[in-house]
1. What are the equivalent ellipsoid semi-axes of the stretch 264-383, built from the alpha-carbon gyration tensor (square roots of five times its eigenvalues), in whole angstrom, biggest first?
2. Quick one: putting +1 on the C-beta of Lys and Arg, -1 on the C-beta of Asp and Glu, what dipole do you get for the stretch 287-338 around its Cα centre, in Debye to the nearest 20?
3. What's the lysine pair count for the stretch 245-318 at a Cα cut-off below 19 Å, pairs eight or more apart or interchain?
4. Near Lys3, which aspartates and glutamates are there with a Cα under 14 Å away, not counting those fewer than 8 places off in the same chain?
5. Over all distinct alpha-carbon pairs, what is the Kirkwood Rh of the stretch 255-296 in angstrom?
6. So, for the chain, what is the accessible surface per residue at a probe of 1.4 Å, expressed in square angstrom?
7. With only Lys, Arg, Asp and Glu charged, each at its Cβ (+1 for the first two, -1 for the last two), find how big the charge dipole of the stretch 153-250 is about the Cα centre; round to the nearest 20 debye.
8. In whole Hz and in residue order, list the ³J(HN,Hα) couplings for the stretch 94-99 that follow from phi through the Karplus curve 6.51 cos²θ - 1.76 cosθ + 1.60, θ = phi - 60°; x for Gly and Pro.
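The values are calculated or read from the model by the stated rules, or taken from the named source; none is laboratory data. A quick note: this is a predicted structure, and the numbers were derived from the prediction, not measured. Neighbour counts run over all protein chains shown; Cβ positions are idealised from the backbone, glycine included. Protein only, heavy atoms only, side chains kept; ligands, DNA and RNA dropped before computing areas. Shrake-Rupley method; radii C 1.70, N 1.55, O 1.52, S 1.80 Å.
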Amino acid sequence: MIKGTAASDGIGIGRILLLEEASIEYTPHEVEDTQAEVERFRRAADQLVAETVRDAAAIRETAGEKEALIMEGHISLINDPALKGETENLIMGGQCAEAAFETMCDMFIGIFSSMEDEMMRQRAADVRDIKAGLLRILLGVKEVKVSDAPKGTVLLTKELTPSVTAGIRKGNIVGIITETGGKTSHSAILARALEIPAVLSVPDAVSVLKNGQPVIVDGTAGVVIPDPSFDVLNEYAEKRDKFLREKAELEHFRGVKTKGADGAEYELVCNIGKADDANKVIEFDGEGVGLFRTEFLFMDRSSIPSEDEQFAAYQKAALVLKGKPLIIRTLDIGGDKEIPYMGLEKEENPFMGFRAIRYCLKNRELFRTQLRAILRASAFGDVKIMFPLITCVEELREGKAMVEEIKRELALLGIPFNKEIDIGIMVETAAAAMIADVLAKEAAFFSIGTNDLTGYTMSCDRGNSNVAYLYSALQPAVLRMIERTIRCGREAGIPVGMCGEAAANNKLIPLLISFGLTEFSVSAPSVLRVRKAISKWTKAEADRVAQKAMSLMTEKEVSDYLASVV
Ligand code: PEP
Ligand code: MG
């Protein structure tokens with residue numbers, strides 16, 4: 001068994017087809033007729049563009065629109081004025097087209113590879129792909145084709161380039177193994193879009209595995225099993241069939257409302273960290289956004305994003321969601337979320353310290369900027385504001401007063417916004433759960449943040465392995481906090497959702513239904529699974545389970561009992 005990175009779910013069983021990179025060696029030489037050489041380079045570039053357009057069309061058909069855009073990104077790279085112009089300058093200086101283009105590509109690859117941002121590093125792989133493509137054309141090397149691969153083929157290659165992917169016919173390729181590429185690489189994105197199980201970054205895959213060798217690719221666990229025994233083969237064939245069956249079943253839950261077995265309706269929304277993720281919400285059939293973690297807009301940069309930059313992000317998400325709810329949580333920094341340029345002081349107990357709403361209320365300009373941007377975006381969709389880490393009613397009042405002040409300003413300036421915008425809070429501290437009755441009088445909604453609520457209730461830091469055994473949302477203490485929060489919200493007539501990880505926990509779902517939760521906010525890929533899990537429960541059944549679960553005395557008893565009923 002060889003371990004790699006699990007990049008695309010599912011199990012593939014087949015024989016390896018090793019895609020060896022065609023040799024694109026050449027001897028750099030000086031050219032005399034530099035103008036003719038520039039023309040040769042331009043013709044090759046045009047041919048590569050034409051081939052890429054064709055590949056993009058093939059990918060559009062097999063994988064989808066978004067994946068085709070990756071390929072179209074290649075076209076703009078080939079036509080990039082800096083890359084093209086500088087290559088031509090080198091040729092005019094006497095270099096052959098191959099050497100000139102390779103020099104320029106290697107320079108770009110060096111720059112992109114050293115960048116922190118994963119997306120930028122991905123550009124390096126794209127440049128490598130077009131470098132290989134153009135050199136192949138210039139040297140007249142025949143292209144490697146995977147479109148003729150027989151049924152049951154597992155592709156093995158150093159790097160799955162989009163141009164290789166373009167040739168993949170879904171029925172024939174049952175698995176992909178590569179030596180490079182992470183979960184967010186284009187290879188992974190394309191493999192997932194094609195729904196082909198893939199294990200990437202398998203060390204020395206190309207030399208360890210052999211052409212024609214029987215192999216199992218477990219893209220869920222991230223393992224490759226060469227030469228499996230008969231028993232292992234049977235075991236995995238069963239696993240594969242189960243995976244495919246469950247997947248097909250989940251598809252029944254696409255495009256339908258989220259309902260319990262008794263027809264009770266729930267809202268099933270998503271957690272996002274970037275405006276672009278709103279597209280994923282639509283793709284995975286989420287019903288809106290229950291938590292936009294805005295701190296990610298502040299990370300991976302060197303200064304605070306301006307009001308306009310923030311507005312653009314919030315507006316974009318609102319527009320993509322087309323009227324579906326969008327709960328934007330105000331900045332939640334501190335604790336484990338650091339933003340170096342903001343110069344937060346080191347604290348003895350960062351989780352107990354100057355973070356989230358506490359920080360924002362003391363850094364009013366920063367907070368005002370964000371609130372203005374959110375209010376402006378509220379003219380473009382069903383935007384709501386949510387404050388994190390509330391522990392007392394004064395914090396909510398102070399935050400709301402600031403929103404009112406900004407509303408007056410915007411109204412005076414004639415800038416549109418939603419005058420009735422809802423302002424709700426995260427219930428993620430023990431204090432907020434205990435005064436949920438009080439807070440419910442002034443908050444438009446609650447969203448329970450079990451990630452923090454579990455830690456604060458159990459007084460344990462999940463990162464500390466010595467106390468991690470306490471960290472479970474199924475602890476009787478945490479369940480009581482959750483039950484209380486939902487009950488208080490219900491009694492006050494405000495909606496209560498949950499955006500912590502526990503919202504997607506199958507075991508907890510009957511309890512949440514019984515307590516009266518109305519909104520589940522989960523990661524986009526979990527939407528269909530959670531919709532299915534909810535569909536199994538009537539309120540009456542859930543009540544029966546909740547009554548029993550709440551009478552149990554330990555986390556283990558609760559967990560074992562719930563495992564026996566889901
Ligand atoms: C939570 O605490 O449950 C939550 C959703 O917030 P975050 O994970 O961003 O702290
Ligand atoms: Mg939190």
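1. Over the Cα atoms of the stretch 264-383, the semi-axes work out to 27, 16, 12 Å.
2. So the dipole magnitude of the stretch 287-338 works out to roughly 280 debye.
3. For the stretch 245-318, qualifying lysine pairs total 5.
4. List returned: Glu179, Asp204, Asp218.
5. It is 11.2 Å.
6. Here the per-residue accessible area is 45 Å².
7. The calculation lands at about 340 debye.
8. Along the stretch 94-99, the couplings run x, 7, 6, 4, 4, 5 Hz.
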